[in-house]
Amino acid sequence: MTIFWIVIGVVAAIAVWLIAAYNRLVRYRYRAREALSDIDVQLKRRYELIPNVVETVKGYMQHERSVLENVTMARTQAMAQGGDPLKRAKAENALSNTLKTLFAVSENYPDLKANANFLDLQRELADTENKIQASRRFYNGTVRDYNTAIETFPTRLISGTFGFGAMEFFELGSEAEREPVKVEF
């Protein structure tokens with residue numbers, strides 16, 4: 001009779017562990033999805049600010065039309081990306097680079113730099129860029145925790161069975177994007 005209770009206890013302990021491990025993996029997966037959604041919220045905010053910046057700058061920079069077109073094109077390409085974090089990261093980084101070019105070129109226009117609307121939009125956009133970076137770091141941290149959980153023993157024994165696959169980090173698309181931006185006038 002004692003062996004029966006020992007077996008029941010072991011089975012119950014394994015069942016409790018399975019439930020706890022499964023719930024932990026679900027929690028990590030949803031946390032990563034929430035973090036990716038936070039990135040989307042900040043990107044949407046940036047997408048909404050960019051047309052306002054471009055319109056404000058247009059009047060001052062008639063002969064810098066290519067810079068404005070590049071920003072608009074990069075914004076369109078970034079918005080068209082699907083849910084794949086790697087594709088989105090590449091498009092978002094290209095957009096960030098064109099915005100840096102836009103602000104570097106705006107330095108040539110003292111009236112534009114003094115324009116209150118432009119300064120407010122520039123501050124808003126800088127704040128949004130900071131929030132996007134924070135959201136990306138948070139997403140990558142949650143993906144790290146999730147991937148670590150599904151790859152470590154003993155959770156690895158059940159992660160594949162229940163369909164918990166590795167998630168990808170939000171990374172730069174190329175080595176060139178890791179180089180510092182050079183601004184020349």
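One table, with the values for the structure above:
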| item | result |
| --- | --- |
| Tally, over segment 1-31, of residues that are touching an Asp or Glu at 6+ places or on another chain (Cβ under 8 Å) and either exposed (fewer than 10 other Cβ atoms within 10 Å of the Cβ) or closer than 30 Å to Ala126 by Cβ (or both) | 1 |
| Whichever residue in segment 10-55 is free of Cβ contacts under 8 Å to residues at least 40 places away in the same chain and basic (Lys, Arg) and, among such residues, is nearest to Ala78 (Cα to Cα) | Lys44 |
| Matching entry among Val53, Val67 (being modelled with pLDDT under 75, more than 24 Å from the chain's Cα centre (by Cα) and part of a helix (DSSP H, G or I)) | Val67 |
| Any pair with Cβ under 6 angstrom, 6 or more apart, that starts in segment 119-132 at a residue that is buried (at least 16 other Cβ atoms within 10 Å of the Cβ) and ends at one that is of a type in the set (A, V, I, L, M, F, W, C) | Leu121/Val53; Glu124/Leu49; Leu125/Leu49 |
| Leading residue by the ranking (surrounded by the most Cβ atoms within 10 Å (Cβ to Cβ)) among those in segment 32-45 that are small (Gly, Ala, Ser) and in contact with a helix residue (DSSP H, G or I) (Cβ under 6 Å, 6 or more places away or on another chain) | Ala32 |
| Hits in segment 7-38 - residues which are among the aromatic types (Phe, Trp, Tyr) and either in contact with a Gly (Cβ under 8 Å, 6 or more places away or on another chain) or within 12 Å of Ile158 (Cβ to Cβ) (or both) | Trp17, Tyr22 |
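The values are calculated or read from the model by the stated rules, or taken from the named source; none is laboratory data. Remember, it's a predicted structure, so these values are computed and weren't measured experimentally. Note that we place each Cβ from the backbone using ideal geometry, even for glycine, and neighbour counts take in every protein chain shown.
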